[in-house]
Structure formats: C-alpha cells, structure tokens
C-alpha cells in the first residue's frame, strides 16, 4: 500500500457550497489506485466538508438556507465577533458539519451515491482561498 498526498485549492465567493467532486476524482484516477480510501481534510475553522446531493441545484440552495436558519448572524449573545458579524456563526457552522471526510475508492474512483458529491462549505461572507488536504491510500 502507498500514500498519495494532494491538495485542492478552492477560491470561494463567500458563503455556500462548492463542488470539488470532479477535482478529487481526477486526482484519485491519476494515482492508479483501484481499491483504497481517500481522506479529505479542510484545515480551516470557518469552512467544512460535506457529502450531499449534487444533481439538483435547489437541494444545495435548501442546504445553504437551512444553515442560515440554524445559525443566523447577529445574535446578541455572540461574543467572538473580532472579524465581523459572520465570525462566530462561521465557527459554529463548522462545528455542526465536519472538517474531514473519508470516502472509499473502488475501480479507481470515489465510491459515491448516484446523486452524491463532495463539497467545501464556506461559512464566511467574504470570499477566501481555501485548501483541502487529501491523501489516497491504496
């Protein structure tokens, strides 16, 4: 077995879900690994990784709206607002999602459901350059 490290850089335009499935799958295919596992991790405290539907864009819009509803900005009890009104909510949203995912590799590709995709979830209003660290083991 061998490790194959890689990184995916994502230029976000602010809050939302950014599909990175194709880029991750391209790297997995380039390794030649037929059976293994892909580990993904985002080393940021205000962005996360999620697996969810990637066919209908309204599903993505609903997920983004749900997060806005669950963790709204501007709550009077937020204390950590040094970087703006979206600071504390971004960290809470990251805590509710995950900084990493593990996906099986079979047939040289990520094993995902028919409508499933891998997303970087940006929780800050202002766009940022995010890094997703990956490793394929196979």
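Listed values, structure above:
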item: Inter-label distance, nm, simple model (7 Å from Cα along the C-beta direction), residue 77/residue 116; result: 3.5 nm
item: Gain upon complete extension [residue 22, residue 85; 0.36 nm per residue less C-alpha separation]; result: 19.4 nm
item: Computed label-point distance, nm, for sites residue 50 and residue 65 using a 7 Å Cα→Cβ extension; result: 1.4 nm
item: Residue 35-residue 9 pseudo-label distance in nm [points 7 Å out on the Cα-to-Cβ vector]; result: 3.7 nm
item: Length-normalised contact order of the chain in % [C-alpha pairs under 8 Å, at least 6 apart]; result: 55 percent
item: Mean Cα-pair separation over length for the stretch 29-94, i.e. relative contact order, pairs under 8 Å, 6 or more apart, %; result: 36 percent
item: Residue-averaged 222 nm ellipticity for the chain, from DSSP H runs of 4+ at -39500 (n - 2.57), nearest 500; result: -8000 deg cm²/dmol
item: Degrees, to the nearest 10: 21-31 long Cα axis against longest axis of the chain; result: 30 degrees
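All of the numbers you see were taken from the coordinates with simple rules; none came from a lab. Fair warning: this is a prediction, and the values are worked out from it, not measured in the lab. Because the Cβ atoms are built from the backbone with ideal geometry, glycine has one as well, and the counts that use them run over all protein chains shown.
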